[in-house]
Amino acid sequence: MSFIKGVGMTKFGIQEDASTHLVYEATLDALNDAELSMNDVDAIVLSNHDFLSNGERQRHSASQMSSLFQKKLPIITVPAACAGGGTALWTALRIQKSGNYENILVIGFDKLVATTGKKVTDEILMAAERIYEQAEGLNFPAQNALVAQQYMMKHGATTDDFALVAYKNHKNAFLNPKARFYKKNVSLEEIKNSPVVASPLRIFDCSISCNGAAALVLSKAESDVEVVGSGEENDYLSPFEREDMTSLEATRLAAEEAYKQAGVGPEDIGMAEVHDAFTPLEMISYEDLGFCKKGEGKEMIRKGITNIDGKLPVNTSGGLKAKGHPISPTGISQVYEIVKQMRNEAGDRQLKKPKYGLAHNIGGVGSVATVHIFKNLN
């Protein structure tokens, strides 16, 4: 069995600290939370974009961490685009089961705001897609806009539904001190009237780039939160190669595996952190994760089911949309939120201590997905 012994993260924002400073802050936070030190860590699984220097002109991230912590131990780097954090946890779970590793430190970090907009677009975000798509200027917002158009035509969703997703997540981020949009009011009208990026997506339908780091300690020693399910799946790189652009098979397969391992179903989940890089993805994820039938995601947001006071709160952290999306740390920050909720440490956004929580992390436009299920042992 594997347990989350400690969690930590920086604020997601535009801080100018060196990336190693962000890693140190998040790691120290996680170790203090676990009441452990680096001497107790047996291995590290690290996720970041190796081709991005993170402001330090250093791409050898594993040895960089060895120098930072003054520790010689196994360190594995796991890049997986936007699903890096979730994939790092998936990897750590399997390393722990296969070897004599009591405590594994899982870290995600990236620094996007320090990088030029062209570099972020050309070398980070678009580098997750095929070269013929890049040549045609089909960046992530444009790709997701095409997915959104298909979803609207097939299932009757509207831009007002997308706006409700953004509004919900901004209200949640307002209550989260770690979020990029903490204590920042955003009205529904402001969301609906924001500039169009790629029709039908507006600015407030898109997650925001930021800097940050997140860490967790995975342990064999029993703690208050157990990892009971873990799934990871890949799909074709381009959504145009798939049978249905409005459903992400990688999510469905990863969820199926996670539910099977956990011995639970979608109806047992008390909260979820899903990958809302773009607002339509959140509604599609409701369906792919089994929270509702295909085409009914719009009803969940219209009826307030996924609001913080709803039957199934989704993205109480603010999600990628309003907490921020620094790429590699995102999946680990989802676990941070679930653990805080389960421990009754979420402050103004606290739920009624859910029994089961689900974290869902996507890379690319559904080309890789991880799903993890956590059980509250309190």
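Read-outs: derived from the displayed coordinates by stated rules, not from any lab. The model shown is predicted, which means the values in this text are computed figures rather than measured ones. We place every Cβ from the backbone using ideal geometry, glycine too, and count neighbours over all the protein chains shown.
Values as computed for the structure displayed
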read-out: Unique residue being surrounded by 24 or more Cβ atoms within 10 Å (Cβ to Cβ), under 22 Å from Ser333 (Cα atoms) and in contact with a strand residue (DSSP E or B) (Cβ under 8 Å, 6 or more places away or on another chain) when the list is Ala179, Ala221, Ala255; value: Ala255
read-out: Output for the range 203-217, where each listed residue is among the aliphatic types (A, V, I, L, M), touching a strand residue (DSSP E or B) at 6+ places or on another chain (Cβ under 8 Å) and not in a strand (DSSP E or B); value: Ile203
read-out: When residues of the range 224-252 are limited to those that are charged (D, E, K, R) and not in a loop (DSSP other than H, G, I, E, B), the one surrounded by the fewest Cβ atoms within 10 Å (Cβ to Cβ); value: Glu241
read-out: Test: residue in the range 251-258 that is under 20 Å from His372 (Cα atoms), touching a Lys or Arg at 6+ places or on another chain (Cβ under 9 Å), among the polar types (S, T, N, Q) and in contact (Cβ under 8 Å) with a residue 12 or more places away in the chain; value: no
read-out: Subset of the range 336-361 (residues that are of a type outside the set (Phe, Trp, Tyr) and within 17 Å of the chain's Cα centre (by Cα)); value: Glu337, Ile338, Val339, Lys340, Gln341, Gly357, Leu358, Ala359, His360, Asn361
